[in-house]
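As structure tokens, the structure follows; a few thoughts come after it.
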Amino acid sequence: MSYIVKKGILKLLHLLLIVCCMMPLVGKSENIISLFPRVRVVPDSILEKMYSSASIYSEEVKGYKANLYLKGTITVHKKNRIIKYVPSMFKLEDSISNYMHESISELKYTAPAIYDRKIKAMVSTFRSQRGEMFDIMDYMKFNVYSSSLMGDKLLSPLNRQSKIHYKYMLDSLSVINGKVECKIRVVPRYKSTKLVEGYMWLSADDWSVNSFELEGAYDLVDFKIKANMGNTPQTKYLPCYMDLDMHFRFLKNHLQMRYSGWLDYTDVEFTRLGDIIYLKKDRSKYNLSSLYTLTCDTTKLVTDIDSFSRIRPFPLTDEEEQLYIERKERRKLNIEKFRKDSIENLKFPKSQVFLGQVGDALINSYDIDLPKVGSINCSPIINPLLLSYSHRNGISYRQVYKYNKLFYDGRLLRIAPQIGFNFTKKELYAKADVEYVYNPRKHGAFELHVGNGNRIYSSVVLDQLEAMPDSTFSFDGLDLDYFKDIYVNLSHNIEIVNGLSLWTGLSMHWRYTKSTPELAAKVRSRYNSFAPRIRVEWTPGMYYYMNGNRKINVGSHYPTFIADYERGIRVLKSSGRYERLELSAEQVIKVRNIHHIAYHLGCGFFLNQDDVYFVDFVNFSNRNLPQGWNDDIGGTFQMLDGRWYNASSHYVRGNMTYESPFILLYPVSKLLSFIQKERIYAGILFMPHLNPYFEIGYGIGTHIFDAGVFIGNERGKFTSIGCKFTFELFNK
């Protein structure tokens with residue numbers, strides 16, 4: 001008899017023994033029977049039943065509506081001035097350690113993963129209701145049957161594909177209401193921010209989850225979540241009560257947030273036989289407006305504590321009531337203190353008052369929201385999180401200001417000035433982007449972009465490059481005359497049909513350099529260009545929803561195709577006639593839950609050149625201002641010398657990124673407790689003197705920073721190796 005057959009018989013006898021031991025206890029309720037030692041591995045046969053049942057139950061509920069009541073207390077264990085650098089952090093008061101927060105919301109869910117929360121009432125003991133830490137909906141979306149938890153942040157232990165990351169142990173057995181219940185302990189095989197640890201209580205008859213208690217860590221938050229599933233046929237697969245304990249730790253700051261959530265389901269719709277959860281790909285199904293609301297009528301939002309008390313579903317404890325009483329007393333004292341301070345400030349010299357205001361601007365972030373003016377956002381001027389480093393560009397710093405004004409009918413005005421400084425090149429860059437959306441239903445908008453671009457050399461250099469053989473080519477042997485660039489781009493964008501946008505505009509450049517006799521013999525010192533431009537962007541099968549008059553695109557299963565054409569003409573003293581054409585396709589593909597593949601393919605050409613022009617591609621350029629990691633990585637070669645971007649009148653390139661939490665560091669469990677993502681990069685470029693240029697890289701992503709190492713290969717020879725580093729804290 002083979003070993004496999006013997007093993008199968010032993011497992012069968014094991015299960016029969018469990019059933020025989022449990023038979024005398026059937027009918028006795030609330031008995032907890034410890035038949036096995038504390039640590040006992042769950043058999044594969046039981047795991048398969050768990051996985052199979054979870055895959056069915058994950059799609060059992062097609063949609064629901066519920067009233068959600070959240071009650072939470074926030075305790076400040078430690079804090080310092082660094083807490084002010086955290087964007088959107090609620091305002092903490094000196095010497096106050098305990099706060100209270102409550103909200104009542106309407107929650108709507110539509111399979112496979114669309115949640116809509118409309119807040120009806122919200123009160124707290126904070127100075128302001130604004131605060132990023134109030135948004136704990138990621139934890140309330142904890143569908144334990146799903147393949148991934150909290151969106152795509154964590155791997156569920158009930159997913160068959162994730163079993164290689166977990167160990168399962170049978171903790172105990174019990175009989176409740178005549179049914180056998182198994183308490184299973186879930187333990188990660190190694191520490192990782194993508195895995196959870198804890199207990200699950202499952203019914204042995206259908207392997208549904210009755211309750212669970214799981215804990216984990218993501219970003220700067222350690223969390224422990226407890227949930228009880230419903231006890232009626234309508235709510236059996238849904239949580240009715242959730243208890244959440246979170247610890248936020250950041251540079252010796254420690255905040256603890258304890259929340260309780262009650263869900264009262266008003267309507268639950270189950271998937272019927274033959275139903276297709278994923279939407280059909282006909283045109284009428286691309287509009288998801290019936291599934292999204294995502295609006296909160298602030299005119300009807302209850303924010304008064306007395307009004308909230310009349311609709312609160314559960315009474316407060318004496319300690320919670322005391323927090324509201326203390327808040328009322330502090331408000332009275334703050335009003336009196338404000339009056340006294342206003343009188344005292346008149347006694348100080350204006351110079352001291354001004355210096356104090358400057359000091360606040362250097363270290364404090366500002367987020368101002370005025371109903372009639374708009375919202376203004378500015379991070380602290382002195383902020384190390386705005387620094388980035390790359391092998392090609394060195395150390396860079398940027399500062400972004402944002403102004404938004406949303407009108408009642410959906411029209412929108414955005415203004416985003418941005419400045420940056422490159423310490424390696426000692427260059428200051430500035431730009432301003434202005435957008436006015438006049439037709440939000442069709443994405444109709446006017447845009448204005450102004451700034452100074454990269455230093456660039458004229459097309460005269462291309463003649464020198466083309467005449468130089470590959471074997472002797474070197475930038476160092478060339479006398480490059482760099483021109484500074486100031487640009488203005490005016491454009492109009494409109495969505496013709498769903499997923500198809502037409503972008504028309506004008507591109508103007510003023511390029512200049514210091515005039516010398518040597519330069520005057522070859523080219524002029526100033527060049528202006530004036531070029532009409534057209535851009536067509538098409539994403540087939542674009543899903544969207546309407547938020548009032550605003551059309552908001554959700555995404556598509558297909559790639560985005562882009563064609564960008566520009567033609568320089570001689571008007572307004574402009575010089576140089578040329579045509580530029582660029583084509584590209586890009587897409588992000590989700591593979592196996594939290595694994596992603598992103599690719600970007602493109603090519604570009606300068607045609608019909610007349611007189612001096614400047615090779616300045618749009619989709620293939622050296623970015624002077626530091627960007628976020630994901631913005632900068634899409635189609636950019638990290639090790640490619642910046643001079644190559646303007647060294648050819650044509651190019652063909654491709655870039656691909658594979659992102660997963662477990663790639664190379666799988667055996668190194670200690671590192672996985674800190675690293676959230678690993679990435680593999682590959683890129684290839686074809687252009688004169690580089691046939692081809694190939695680049696590979698490996699990167700990691702943490703909750704504080706992203707880093708990567710890249711290797712460049714020119715014509716079959718490894719020529720360079722370098723790294724890139726950006727602070728990504730609070731940017732994700």
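The values are calculated or read from the model by the stated rules, or taken from the named source; none is laboratory data. Remember, predicted model here, so these are calculated numbers, not experimental data. Please note: Cβ atoms are built from the backbone with ideal geometry, for glycine as well, and neighbour counts cover all protein chains shown. Remember, those area values only see protein heavy atoms, side chains included, never the ligands or the DNA or RNA. Shrake-Rupley method; radii C 1.70, N 1.55, O 1.52, S 1.80 Å.
Computed values, structure above
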{"read-out": "Number of the exception - Ile589 against (1) in contact (Cβ under 8 Å) with a residue 60 or more places away in the chain; (2) open to solvent by 60 Å² or more (accessible area, probe 1.4 Å); (3) hydrophobic (A, V, I, L, M, F, W, C)", "value": "(1)"}
{"read-out": "Selection count where residues are at pLDDT 60 or above and not in a helix (DSSP H, G or I), scope the stretch 320-347", "value": "0"}
{"read-out": "Condition broken by Pro517, with the remaining ones in (1) more than 22 Å from Tyr578 (Cα to Cα); (2) open to solvent by less than 40 Å² (accessible area, probe 1.4 Å) satisfied", "value": "(2)"}
{"read-out": "When residues of the stretch 640-674 are limited to those that are closer than 15 Å to Gly708 by Cα and open to solvent by 10 Å² or more (accessible area, probe 1.4 Å), the one modelled with the lowest pLDDT", "value": "Leu665"}
{"read-out": "Condition met for Ile552 (part of a strand (DSSP E or B), closer than 24 Å to Tyr658 by Cα and aliphatic (A, V, I, L, M))", "value": "no"}
{"read-out": "Selection from the stretch 463-485 of residues that are open to solvent by less than 70 Å² (accessible area, probe 1.4 Å) and at pLDDT 75 or above", "value": "Tyr482, Phe483, Asp485"}
{"read-out": "Within the stretch 689-706, tally of residues that are open to solvent by less than 60 Å² (accessible area, probe 1.4 Å) and modelled with pLDDT under 85", "value": "8"}
{"read-out": "Number of the condition not met by Phe530 [criteria: (1) within 27 Å of Asn619 (Cβ to Cβ); (2) at pLDDT below 85; (3) surrounded by 15 or more Cβ atoms within 10 Å (Cβ to Cβ)]", "value": "(2)"}
{"read-out": "Which numbered condition Ala204 fails, given (1) surrounded by 19 or more Cβ atoms within 10 Å (Cβ to Cβ); (2) closer than 22 Å to Cys240 by Cβ; (3) hydrophobic (A, V, I, L, M, F, W, C)", "value": "(1)"}
{"read-out": "Single residue of Met246, Met242 found to be under 25 Å from Thr110 (Cα atoms), surrounded by 11 or more Cβ atoms within 10 Å (Cβ to Cβ) and at pLDDT 75 or above", "value": "Met242"}
{"read-out": "Matching residues, the stretch 46-73, being within 30 Å of Gln322 (Cβ to Cβ) and either at pLDDT 90 or above or open to solvent by 20 Å² or more (accessible area, probe 1.4 Å) (or both)", "value": "Asn67, Leu68, Tyr69, Leu70, Lys71, Thr73"}
{"read-out": "Residue tally, condition part of a strand (DSSP E or B), of a type in the set (Ser, Thr, Tyr) and either modelled with pLDDT under 85 or farther than 30 Å from Pro661 by Cα (or both), over the stretch 563-600", "value": "2"}
{"read-out": "Pairs, first within 15 Å of Asp433 (Cβ to Cβ) and assigned to a strand (DSSP E or B) in the stretch 404-416, second open to solvent by less than 40 Å² (accessible area, probe 1.4 Å) and hydrophobic (A, V, I, L, M, F, W, C), C-beta under 6 Å, six or more apart", "value": "Leu412/Val437"}
{"read-out": "For Thr560: the one exception among (1) farther than 26 Å from Asp706 by Cβ; (2) in contact with an Asp or Glu (Cβ under 9 Å, 6 or more places away or on another chain); (3) at pLDDT 85 or above; (4) polar (S, T, N, Q)", "value": "(1)"}
{"read-out": "Residue check, Ser309 of a type in the set (S, T, N, Q), at pLDDT 80 or above and part of a strand (DSSP E or B)", "value": "no"}
{"read-out": "Filtered residue count, the stretch 181-201, keeping only those that are open to solvent by less than 40 Å² (accessible area, probe 1.4 Å) and not in a loop (DSSP other than H, G, I, E, B)", "value": "8"}
{"read-out": "Answer residue from the stretch 592-617, given it is farther than 18 Å from Gly555 by Cβ and touching an Asp or Glu at 6+ places or on another chain (Cβ under 6 Å) and is least open to solvent (accessible area, probe 1.4 Å) among those", "value": "Gly604"}
